[in-house]
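To start, the structure itself, in structure tokens.
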Amino acid sequence: MPRKPKPRPRLIKGPYRMPACEVGSILTDRVRGRVIVGGITTAPIPWPWSLHHHGAGIRVPILTGDLVKAVRTESNQAVAYHWGVSRWTVARWRRALGLGRMTPGTLARWRELRPQRLTLAAQQRGGKNRHRILPTAH
């Protein structure tokens, strides 16, 4: 039996708008400082990117404007999906901004996924031990 596709992580705030810029203009990235816009991503939320100087031509969305608001507010999974980056990148951005793991979006995502992770017996009991969560497969 085929697995159902996971629902895409939803954003709890928004809409998030790309900053006004064009290729070749300069924006201030909250982590890397002033960077040159190299293009616009094709992620679900299009965003200006610049080349990461420590990588081999890696395109990285510029951490500025509404993306900073999203990193502070949304779940790691939602930011990663909608801006087309890895969850590791979002975690790195959070550390650079001095944030912890928990955001309002993370809490909402946990509440959303919680019923899927309860054991069937716990769901049927609905009382004692109903909050026992199964370990996730890695």
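The values are calculated or read from the model by the stated rules, or taken from the named source; none is laboratory data. In this text, all values refer to a predicted model and were calculated from it rather than measured experimentally. Cβ atoms come from the backbone with ideal geometry, glycine included; neighbour counts cover every protein chain shown.
Observations on the model:
- Residue list for the stretch 11-48, filter: of a type outside the set (Val, Ile, Thr), more than 22 Å from the chain's Cα centre (by Cα) and not in a loop (DSSP other than H, G, I, E, B): 34
- Filtering the stretch 53-84 to residues that are more than 13 Å from residue 29 (Cβ to Cβ), outside any helix (DSSP H, G or I) and either in contact (Cβ under 8 Å) with a residue 40 or more places away in the chain or of a type in the set (Gly, Ala, Ser) (or both) leaves 55, 56, 57, 74, 75, 84.
- Members of the stretch 49-86 that are among the β-branched types (Val, Ile, Thr), more than 8 Å from the chain's Cα centre (by Cα) and closer than 24 Å to residue 102 by Cα: 60, 62, 64, 68, 73
- Hey, residue 107 of a type in the set (A, V, I, L, M, F, W, C), outside any loop (DSSP other than H, G, I, E, B) and exposed (fewer than 14 other Cβ atoms within 10 Å of the Cβ) or not: yes
- Residues that are polar (S, T, N, Q) and in a helix (DSSP H, G or I) were ranked within the stretch 110-138; the one that is modelled with the lowest pLDDT is 123.
- Residue, nearest to residue 74 (Cα to Cα), within the stretch 93-108, restricted to residues that are within 11 Å of the chain's Cα centre (by Cα) and touching a residue at least 60 places away in the same chain (Cβ under 8 Å): 105
- Among residues that are farther than 15 Å from residue 105 by Cα, touching a His at 6+ places or on another chain (Cβ under 7 Å) and either of a type in the set (Ser, Thr, Tyr) or surrounded by 15 or more Cβ atoms within 10 Å (Cβ to Cβ) (or both), residue 60 is included.
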